[in-house]
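The values are calculated or read from the model by the stated rules, or taken from the named source; none is laboratory data. Quick caveat: nothing in here was measured; it's all calculated off a predicted structure. Reconstructed Cβ throughout: ideal geometry from the backbone, glycine too, with neighbour counts over all protein chains shown.
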Amino acid sequence: MVILAALLFLPVGTWLGTNMTLKITWAFVSYLATALVYSWVNIPYGSLMAGLTRDNDEIAKLTTTRMTWANTGNLLVYTLFPLFVQLATSYQNKPTTFGVGNLKLPLGNYASPHAAGAWFGVFAIYMVLGAIGLYITFKTSHERVLPEGDAPQVKFSDLLAEFTSSRPLQILGLFFLVGFTFMFFGNTVWPFFVQYNVGHPELMFMIGLIGSIPGIFLVFLWPIIRKWIGKKMFFELFLAIFILGSVMLFFWDKNPNNTFLGYAGRFLQQWGLTAATGFMWALVPEVITYNEHKSGKRVAGIINALMGLFFKIGLALGGIIPGYMLAASGFDATKMHQSAGALAGLVNAMIWVPVILAVVAGIIMWMYPLSDADVDRMNKEIAARG
């Protein structure tokens, strides 16, 4: 996986010249291979939590720990990685403010093809550190309960059978799909929104840093809030916080020099987003328990594979649809300034479409049928079966 990920950052574009067919083929094959191997690693990993405990409070704590580290990884990738590339590239490098008062750093243009070497250089450092981290994790992990015999082969029909027979799985899968779609809408459009609509690309780093705070330092509140207001209201609350933050960013677009709107809006938007899309993983063991109670089989791997499928579809939709929306609005990334139609398209893709999808996600979650009492009852009945 580390090697395949490294291939994504090779400056292939400069090697292949103007041959667009080879460039597209390379991008497609290398990304597909990386995503495939990632799934082979991530699906078994995601299945572990359901095998560790059935207790809802323990699952909430495990999810909190898992997402704290996951969001720390997001900080390293989404916020710090572009900054390091800007520092590493010599193209258009000049002292530039980056949102911390009048402090300046020598930052270059990381969006230029001339920065390809800097991209690979920074990723090479990430690659080495990531490989070391994976190796340490592998060497220090020990299986306490070993599998007995060979596991039966999982067929595509098994995935379909589990999905069609489980309403909780259908509801949660749909929530995953919608949730990750509007998450990646924002990830795709955010840099363009800050650069063209707001006109303050130098604030990207600081706003990204502030936006990462709730996903790392406020995650400990998740189990407390869930226990206080219940899991359905937990999701409704944080989806509402996401919408509030998005609306504040809309007003920042109208008042670009009011940086408070940018900082506070992004903080609230990310707080709602990381909580709603992070804590939904805690519901997966509940669905696994429901299917086990119904069929007598604890198919954690199959259900996590289905959740991974919805995650990937949401990721794809959240990356592809904004591109078509921007193209339809006349957006041109090669221009220094965008037309009024393109700017409106950026606002729709960054603000209003994610807000609508967040409302849809809230409606979907309200239909989720499993209460804590239901899960406790099913766990006791499963245990009584022996």
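Observations on the structure shown:
- Residue selected from the stretch 334-351 under the condition of a type in the set (Val, Ile, Thr) and part of a helix (DSSP H, G or I), by the criterion nearest to Phe242 (Cα to Cα): Ile351
- Out of Ile320, Ile363, sole residue that is under 18 Å from the mean Cα position of the chain (by Cα) and free of Cβ contacts under 8 Å to residues at least 24 places away in the same chain: Ile320
- Residue among Ala305, Ala300, Ala276 that alone is in contact (Cβ under 8 Å) with a residue 60 or more places away in the chain and in contact with a Phe, Trp or Tyr (Cβ under 8 Å, 6 or more places away or on another chain): Ala276
- Residues considered: Pro354, Pro369. Of these, the only one that is modelled with pLDDT of 85 or more, within 30 Å of Gly245 (Cβ to Cβ) and either assigned to a helix (DSSP H, G or I) or of a type in the set (Ser, Thr, Tyr) (or both) is Pro354.
- Flag for Thr181 being of a type in the set (Val, Ile, Thr), modelled with pLDDT under 90, on the phi < 0 side of the Ramachandran plot and part of a helix (DSSP H, G or I): no
- Among the residues making up the stretch 187-222, those that are of a type in the set (Gly, Ala, Ser) and out of contact with any Gly (no Cβ under 8 Å at 6 or more places or on another chain) are Gly199, Gly208, Gly211, Ser212.
- Count of residues meeting criterion [in a helix (DSSP H, G or I) and surrounded by fewer than 19 Cβ atoms within 10 Å (Cβ to Cβ)] in the stretch 244-262: 7
- Filter result (within 16 Å of the chain's Cα centre (by Cα), of a type in the set (A, V, I, L, M) and more than 16 Å from Trp271 (Cα to Cα)) within the stretch 175-195: Leu177, Val178, Val189
- When the stretch 327-354 is filtered for residues that are in contact (Cβ under 8 Å) with a residue 60 or more places away in the chain and crowded, with 17+ Cβ neighbours inside 10 Å, the ones remaining, listed by number, are Phe331, Gln338, Ala342, Leu343, Leu346, Val347, Ala349, Met350, Ile351, Val353, Pro354.
- Some residue of the stretch 277-293 being surrounded by fewer than 21 Cβ atoms within 10 Å (Cβ to Cβ) and over 24 Å from Ile364 (Cβ atoms): no
- The residue that is nearest to the chain's Cα centre (by Cα), counting only those in the stretch 328-342 that are of a type in the set (A, V, I, L, M) and at pLDDT below 90, is Ala333.
- Only one entry in Ala27, Ala33, Ala60 is in contact (Cβ under 8 Å) with a residue 60 or more places away in the chain and either surrounded by 13 or more Cβ atoms within 10 Å (Cβ to Cβ) or over 19 Å from the mean Cα position of the chain (by Cα) (or both), namely Ala60.
- Reported count of residues in the stretch 110-141, each being more than 23 Å from Thr72 (Cα to Cα), free of Cβ contacts under 8 Å to residues at least 60 places away in the same chain and crowded, with 18+ Cβ neighbours inside 10 Å, is 1.
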